[in-house]
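Inspection log for the structure reproduced underneath, given as structure tokens.
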Amino acid sequence: MYFSRATYTLDEARSKIESYCAYQERCHKEVREKLLKMNMIPEAIDQIIGHLIQENYLNEERFAKAFARGKYHQKSWGRVRIRMELKQRDISEFIIREALKETEEGYEETLHALALKRLEQIREKNPLKRKKKLADYLLYRGWESHLVYEKLGELIG
């Protein structure tokens, strides 16, 4: 079987990646991986990424803030999970700290609402098993363990 691998000129690749970045915020790692999949050589990748940064298509701080805001408000992720996900995308510690400021508004209230909602869904009667199921859920979502255990004591006793 024959597979044709598309090849792109520098201008074609630049144009395609500009659209890719304009569609939604991207981090450098995602863009680099996309360019590698397009079979671009390292020199071309560096040149295109430089262009994207210069033209403000690519901005790691803007990406990190949008990511943190989105995951916190849409998926109710806690800071631990957001930090871990940003680290996997090779975002610097300074930018991660800045991005986590996007989650400060109503943090405890969000945890409380999430815990109550999940507690209603847990059908387990045994209080210890209920506690464990709720704790596992909140920890998986990336909420700090001391806040989770505080909340368990408050809601289940």
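So that you can scan it fast, the table gives a plain yes or no per residue for (1) at pLDDT 95 or above; (2) under 30 Å from Ala22 (Cα atoms):
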position: Ala68; (1), (2): yes, yes
position: Gln88; (1), (2): yes, yes
position: Ile95; (1), (2): yes, yes
position: Glu104; (1), (2): no, yes
position: Glu109; (1), (2): yes, no
position: Leu116; (1), (2): yes, no
position: Pro127; (1), (2): no, no
position: Tyr137; (1), (2): yes, no
position: Arg141; (1), (2): yes, yes
Can you tell me which condition Ile53 does not meet? The list is (1) among the hydrophobic types (A, V, I, L, M, F, W, C); (2) surrounded by fewer than 17 Cβ atoms within 10 Å (Cβ to Cβ); (3) touching a Phe, Trp or Tyr at 6+ places or on another chain (Cβ under 9 Å), and all the others hold. (3)
When you scan segment 46-60, do you find a residue that is modelled with pLDDT of 95 or more and on the phi > 0 side of the Ramachandran plot, even just one? yes
With the structure loaded, tell me whether Ala113 is aliphatic (A, V, I, L, M), buried (at least 17 other Cβ atoms within 10 Å of the Cβ) and not assigned by TED's automatic domain parsing to the domain that holds Arg69 or whether it fails that test. no
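What number of residues in segment 121-145 are exposed (fewer than 13 other Cβ atoms within 10 Å of the Cβ) and under 18 Å from Ser76 (Cβ atoms)? Give the derivation first.
Here is the first cut: in segment 121-145, the ones exposed (fewer than 13 other Cβ atoms within 10 Å of the Cβ) are 121, 123-129, 136, 140, 145.
Those still in the list that are under 18 Å from Ser76 (Cβ atoms) too: 121, 136, 140, 145.
Of the residues in segment 121-145, 4 are exposed (fewer than 13 other Cβ atoms within 10 Å of the Cβ) and under 18 Å from Ser76 (Cβ atoms).
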Matching residues in segment 146-157 - criterion: being in contact with a Lys or Arg (Cβ under 6 Å, 6 or more places away or on another chain) and either in a loop (DSSP other than H, G, I, E, B) or surrounded by fewer than 16 Cβ atoms within 10 Å (Cβ to Cβ) (or both): Ile156
Pairs with Cβ under 7 Å, 6+ apart, first in segment 63-89 and buried (at least 21 other Cβ atoms within 10 Å of the Cβ), second at pLDDT below 95 and in a helix (DSSP H, G or I): Ala68/Glu102; Ala68/Thr103; Tyr72/Glu102; Tyr72/Thr103; Ile82/Thr103
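The values are calculated or read from the model by the stated rules, or taken from the named source; none is laboratory data. Small disclaimer: the values here were computed from a predicted structure and weren't measured. As a convention, Cβ positions derive from the backbone with ideal geometry for all residues, glycine included, and neighbour counts pool all protein chains shown.
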